[in-house]
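First the structure, in the form of structure tokens, and then the observations on it.
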Amino acid sequence: MSADSDMVAPCPFCGSEDVGFTDPPAPWFVQCRSCLTEGPSAHGDDSKRGAARAWNTRAALDASGIGELVVQAETYRQMHEDAVELGYSSILEALEDLERMKNDAALSRARATQETNSE
Ligand SMILES: [Zn+2]
């Protein structure tokens, strides 16, 4: 470990101190080697120091009792980014599309069952 800035807090989820950095290529992430929790993203700061800061911030927030909310918000934000990357305007639009696909699949299964039953 080269500097204090690279020091990382114990895992906020399982408490393990076996916490380190993912291997390059960048972006860097902190990863718990015990429960494999990773991240969070350092948002624009892809350095090792940024990854350590993001991890430590979450660990500190978790200790304060709002960490779970922060993790949920981060998960939602990442889902939203993924949805936008796939061409949706929002995660809600992606979820509606997913719901439609599920319904279509259920309808197809129902039709297939009917056809099988009528043979
Ligand atoms: Zn852990």
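Since every read-out is calculated from the coordinates, none of them should be taken as a lab result. Keep in mind that this is a model prediction, so the values were computed, not measured. Positions of Cβ are backbone-derived with ideal geometry, glycine not excepted, and every protein chain shown enters the neighbour counts.
Just a few scattered comments:
- Per-selection Rg to Rh, segment 63-119 - Cα, Kirkwood hydrodynamic radius: 1.32
- Fewest-first sequence of Ile91, Ile66 by Cβ atoms within 10 Å of each Cβ: Ile66, Ile91
- Most positive-pole-ward Cα, Cys11, Thr75, Met101, against dipole of the chain from beta carbon charges: Cys11
- Burial ranking of peptide ranges 14-24, 97-107, 51-61 (average Cβ count within 10 Å, highest at the top): 51-61, 14-24, 97-107
- Label-point gap, in nm, between Phe21 and Glu96 - each point 7 angstrom along Cα→Cβ: 4.4
- Between the alpha-carbon centres of segment 8-27 and segment 90-111 there is a gap of 37 Å.
- Going from the fewest other Cβ atoms within 10 Å to the most, the residues Val8, Val30, Val70 appear in the order Val70, Val8, Val30.
- On the principal axes of its alpha-carbon atoms, the chain has extents of 72, 32, 30 Å, going from largest to smallest.
- If the convex hull is drawn through the Cα atoms of segment 1-64, its volume per residue in Å³: 74
- Remark: His80, His43 ranked as His43, His80, counting other beta-carbon atoms within 10 Å and listing the fewest first.
- Amide H partners (placed H, <5 Å) of Val19, local residues excluded: Arg33
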